[in-house]
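The structure appears right after this line, and notes come after that.
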Amino acid sequence: MTLADLDALFARRYSCRGFRPDPVPREIIEAIVNAARKMPSWCNAQPWQLTITSGAETDALREALWDQAMAGGHDPDLPFPSGYSGVYQQRRRTCGWQLYEAVGVEKGDRAGSAKQMMENFRLFGAPHCAILSSPAELGPYGAMDSGGFVAAFALAAQAAGVASIPQAAVAAHGAFLHDYFDIPEDRLILCAISFGYADPDHPANGFRTERAGVDDIVDWRG
Ligand SMILES: Cc1cc2nc3c(=O)[nH]c(=O)nc-3n(C[C@H](O)[C@H](O)[C@H](O)COP(=O)(O)O)c2cc1C
């Protein structure tokens with residue numbers, strides 16, 4: 001495996017927003033988690049824990065989440081960003097517009113964009129959903145370590161031909177998820193990762209996001 005091979009894998013991964021219903025075999029899910037667990041974490045605490053649904057359990061979650069989202073409310077364990085300004089606001093808008101353009105929602109069509117946003121709570125049709133949590137006492141560093149785990153999961157999944165999408169939108173319903181999955185209060189629910197096989201013809205999968213260049217990221221010294 002060369003860096004070029006790894007870079008090609010990174011380039012193939014994208015956030016999938018339209019899945020086929022067929023399940024991922026348990027041994028493949030296990031192999032993905034087995035790969036992702038090799039990520040580093042501070043003090044090797046390995047704070048990540050997953051609750052993974054399959055089959056009827058995913059469908060039941062989809063229904064319950066939908067009802068929860070329709071009822072409104074917003075109580076994530078991890079505070080959502082307080083704002084996006086400057087270049088971050090620009091990037092956020094650009095990827096939003098890319099998605100809406102792909103699914104045929106015109107600028108200013110609030111009902112259309114809200115409908116697409118609600119697809120989060122249908123888990124974009126994915127056959128599996130992983131709920132990721134970290135011990136509250138590890139605070140932001142537990143979340144930071146777990147972010148690495150999310151990336152590793154998505155890349156390992158991609159290597160196995162499995163598409164995925166991390167979803168903060170699901171974690172917005174913190175109390176509901178704690179209750180639904182019996183996840184103790186001393187753990188922070190960080191995000192969901194919906195995954196399965198991509199529907200390549202789904203319009204929401206018809207765009208790819210951009211990235212800032214290396215020189216935009218690095219302040220070279222010496
Ligand atoms: C922690 C995290 C949370 C995310 N939450 C959502 C979400 O709730 N809904 C969604 O559609 N995409 C979500 N995404 C996907 C991002 O929008 C996506 O990663 C970004 O636009 C870059 O595109 P790419 O993943 O296709 O390369 C999330 C990504 C991350 C890493």
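The values are calculated or read from the model by the stated rules, or taken from the named source; none is laboratory data. This structure is a prediction, so every number in the text was calculated from the model and none was measured. Cβ: placed from backbone, ideal geometry, glycine included. Neighbour counts: every protein chain shown. In case anyone asks, the SASA skips ligands and DNA or RNA and just uses the protein heavy atoms, side chains included. Shrake-Rupley method; radii C 1.70, N 1.55, O 1.52, S 1.80 Å.
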I'm checking my understanding of the structure. Among residues of the stretch 126-143 that are over 23 Å from C16 (Cα atoms) and in a helix (DSSP H, G or I), which one is farthest from the chain's Cα centre (by Cα)?
E137
Between a first residue in the stretch 105-123 that is open to solvent by less than 50 Å² (accessible area, probe 1.4 Å) and a second residue that is more than 11 Å from the ligand (Cβ to nearest atom) and aliphatic (A, V, I, L, M), which pairs have beta carbons less than 7 Å apart while being 6 or more apart in sequence or on different chains?
G112/V105; S113/V105; Q116/V103; Q116/V105; M118/A69; F121/L65; F121/A69
Consider E137 carefully, then state whether it is open to solvent by 60 Å² or more (accessible area, probe 1.4 Å), more than 13 Å from the ligand (Cβ to nearest atom) and under 24 Å from R12 (Cα atoms).
no
Just give me the residues in the stretch 39-66 being within 16 Å of the chain's Cα centre (by Cα), open to solvent by less than 30 Å² (accessible area, probe 1.4 Å) and among the hydroxyl-bearing types (S, T, Y), in sequence order.
T53, T58
Quick check on my filter: what residues within the stretch 133-152 are touching a Leu at 6+ places or on another chain (Cβ under 6 Å) and among the charged types (D, E, K, R)?
none
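A quick yes/no check of all residues on (1) more than 20 Å from L6 (Cβ to Cβ); (2) free of Cβ contacts under 8 Å to residues at least 12 places away in the same chain; (3) in a strand (DSSP E or B):
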{"site": "P166", "(1), (2), (3)": "no, no, yes"}
{"site": "F176", "(1), (2), (3)": "yes, no, no"}
{"site": "F207", "(1), (2), (3)": "yes, no, no"}
{"site": "D219", "(1), (2), (3)": "yes, yes, no"}
{"site": "G222", "(1), (2), (3)": "yes, yes, no"}
Conditions (1) within 15 Å of the ligand (Cβ to nearest atom); (2) open to solvent by 20 Å² or more (accessible area, probe 1.4 Å); (3) within 27 Å of N44 (Cβ to Cβ): number failed by F181:
(1)
Within the stretch 92-104, which residues are in contact (Cβ under 8 Å) with a residue 40 or more places away in the chain and either within 13 Å of the ligand (Cβ to nearest atom) or farther than 17 Å from T209 by Cβ (or both)?
T94, C95, Q98, L99, A102, V103, G104
What's the total number of residues in the stretch 144-170 that are of a type in the set (A, V, I, L, M, F, W, C), over 10 Å from the mean Cα position of the chain (by Cα) and within 16 Å of R187 (Cβ to Cβ)?
2
Residue pairs meeting the criteria (Cβ under 6 Å; at least 6 apart or on separate chains; first part of a loop (DSSP other than H, G, I, E, B), in the stretch 178-193; second at pLDDT 95 or above)
I183/S133; D186/A136
The number of residues in the stretch 70-106 that are at pLDDT below 95 and more than 16 Å from A171 (Cα to Cα) is 0
